[in-house]
Amino acid sequence: MSEARCYEDFEVGMVIRHPLGRTVTDTDNTWFTLLTNNTNPIHFDRHYAAQTEFGQPLVNSTFTLALVVGLTVSDISQNAINLGWDEVKMPAPVFEGDTIYAQTDVLSTRASGSRPTMGIVEIRTIGYKQDGTVVMTFRRTILVYKRGHAPARPTPEIKQ
């Protein structure tokens, strides 16, 4: 889609397969874990992680959540504000080297009662690995601008 979706572009039952995938690296996992002060060694201590049932470090689950949401932004929430996430589930682990993809289903839409230039859209997003294994699911509620009401995205002129 060349322009970001507005409220009117969402229809209940719509399925959006997000085109980009992202391979998770050791650096992603280590930096995110350190940045968020997560002290669980299963994310950054290979010796410790080797002794678990997984045999290797797990990718930090909040990194996975952020990544899956990020994969959807250009298709879903470029013109939106997050209101919340519900029912976040992680049915399978993510490891360094996995490539993550996403798909979103539109569950409901309604005009906002308090903001007449916006609407509320509820979606369900699935994050999955390169082999199709589902690694994360969640419901998300977003407040989306109606057509003609999104903030302008000015493009500065190039000075030569």
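Bear in mind these aren't lab numbers, they're just calculated from the coordinates by the rules spelled out. This one's a predicted model, so the numbers in the text were calculated from it and none came from an experiment. Cβ sites come from the backbone with ideal geometry, for glycine too, and all protein chains shown count toward neighbours.
Full extension of the chain between GLU96 and SER112 gives 1.7 nm of extra length, using 0.36 nm per residue less the Cα-Cα distance. Among the lysines, select those whose C-alpha is under 26 Å from the C-alpha of LYS89, and discard any that sit fewer than 8 residues away in the same chain. Answer for LYS89, where 26 Å is the Cα cut-off: LYS129, listed by chain and number.
Note on VAL88/VAL12: beta-carbon distance plugged into 1/(1 + (r/R0)^6) with R0 of 35 Å gives a FRET efficiency of 0.95. Applying a DSSP loop filter and a limit of 11 other Cβ atoms within 10 Å to the GluC sites (Glu not before Pro) in region 1-77 leaves GLU3, GLU11, GLU53. Computed from the C-beta positions of LYS159 and LEU20 and an R0 of 30 Å, the FRET efficiency is 0.40 to the nearest 0.05.
Shape index of region 7-145: Rg/Rh, with Rg the Cα radius of gyration and Rh the Kirkwood radius from the inverse mean 1/r over Cα pairs, equals 1.04. Net charge dipole, the chain: roughly 520 debye, given to the nearest 20, about the Cα centre with Cβ charges of +1 for Lys and Arg and -1 for Asp and Glu. Legend: calculated FRET efficiency, ILE81 to GLU53, from the Cβ-Cβ distance at R0 = 30 Å, rounded to 0.05, equals 0.15. Within the shell of other residues whose beta carbon sits under 15 angstrom from the beta carbon of ASP45, the net charge comes to -1, with Lys and Arg scored +1 and Asp and Glu -1.
Considering helices alone, the calculated mean residue ellipticity of the chain at 222 nm is -5500 deg cm²/dmol, with DSSP H runs of length four and up weighted by -39500 (n - 2.57) and normalised per residue.
Sorted on the mean count of surrounding Cβ atoms within 10 Å across their residues, most packed first, peptides 76-87, 133-144 read 133-144, 76-87. Normalised by the number of residues in region 7-145, the average gap of Cα pairs under 8 Å and 6 or more apart makes the relative contact order 30 percent.
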